[in-house]
Structure formats: structure tokens, C-alpha cells
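Here is the structure we will look at, set down as C-alpha cells.
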Amino acid sequence: MNKAKIRSKAKIKNKAKIRKKRIFIIGSTCYKDKMLKHQQDLIKKGYDVRLPSFDYSYKKELSIITENKNSIFWADEIHMFYDGRSYGTIFDFGMLFYAMKPLKIIYLNEKTIVNAMKQYEEVMRLFEKEV
């Protein structure tokens, strides 16, 4: 086999290993419609996107936070919609903080825990530039 064919096969193999960037969206249930639209926009751009288990689903609380935890560890980046009222979003933020996942704030109503979230987003942006 000549060198050109070997290189061509290697390129095809390498392309197969490239995966889409994975994004998990967290947020208050009241923003479900906005989160669904954001999900569709990201999918159109080629991202692999998951939404949270919403609290009004048929699932029990432990099941919801376990699914969200698994999605946080699955994701490369977390996008957040938050209005200052959702304890679930605060809980998810704690998990992404522990997992050291990059955060992109899509909507934030500045009522509670705001400064920590903004500072964390900035720190992760700087961290990504160094890596």
C-alpha cells in the first residue's frame, strides 16, 4: 500500500474519533421553553445537548438529581438559565462547581448567589485559555 493511501486511512480514522461538543443545560423549570429553544439552536450548530430532568416530571427527587449529576459529568460545558428561585439549579451549580465544568450563563436574574456564579464563569474561562 502506498503512503498516500495509508495517510488517507489515518485521516478517516482520526475523523471518526472526533465527537461533538457536549452541552448540558440547567435552569429553573419556568424557563423550559427558552431552554428548549436554546437546545434546538445548539443542535443546529452541531452540538450534542441534554436538558435537565424537570421537577414536575414523574420522577422522584433523588432520581432527578442523579440524572442531572450524570449529565453534568457527561458534558463538556454547562449552560444556565436561573432566576434566583430554583433550589434545584443551585444544587446543580454545586455539582458543576465540584466537577470543575465550564459555565456559560445564558440568563441570570441577579437575585441570589450571583457573584459566585459570575466569578466562577470567569475563572473557568481563564482556566480554559491556559489549557
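Bear in mind that the values in this text are calculations on the coordinates, not laboratory data. Everything numeric here is computed off the predicted structure, so don't read it as measured data. Glycine also receives a Cβ, built like all others from the backbone with ideal geometry; neighbour counts cover every protein chain displayed.
Some notes on this structure:
- Exactly one residue out of F24, F81, F54, F91 is surrounded by fewer than 18 Cβ atoms within 10 Å (Cβ to Cβ), in contact with a helix residue (DSSP H, G or I) (Cβ under 7 Å, 6 or more places away or on another chain), under 17 Å from E121 (Cα atoms) and not β-branched (V, I, T), and it is F91.
- Per the listing Y82, Y98, Y107, the residue uniquely free of Cβ contacts under 8 Å to residues at least 40 places away in the same chain and among the aromatic types (F, W, Y) is Y98.
- Residues within region 62-82 that are over 13 Å from the mean Cα position of the chain (by Cα) and either within 19 Å of I106 (Cβ to Cβ) or among the hydroxyl-bearing types (S, T, Y) (or both), tallied: 3
- Taking region 59-77 as the range and being touching a Ser or Thr at 6+ places or on another chain (Cβ under 9 Å) and in contact (Cβ under 8 Å) with a residue 24 or more places away in the chain as the test, the residues that pass are I64, I65, N68, S71.
- Scoring I43 on the criteria (1) of a type outside the set (F, W, Y); (2) under 24 Å from Y98 (Cα atoms); (3) exposed (fewer than 14 other Cβ atoms within 10 Å of the Cβ) leaves a single failure, condition (2).
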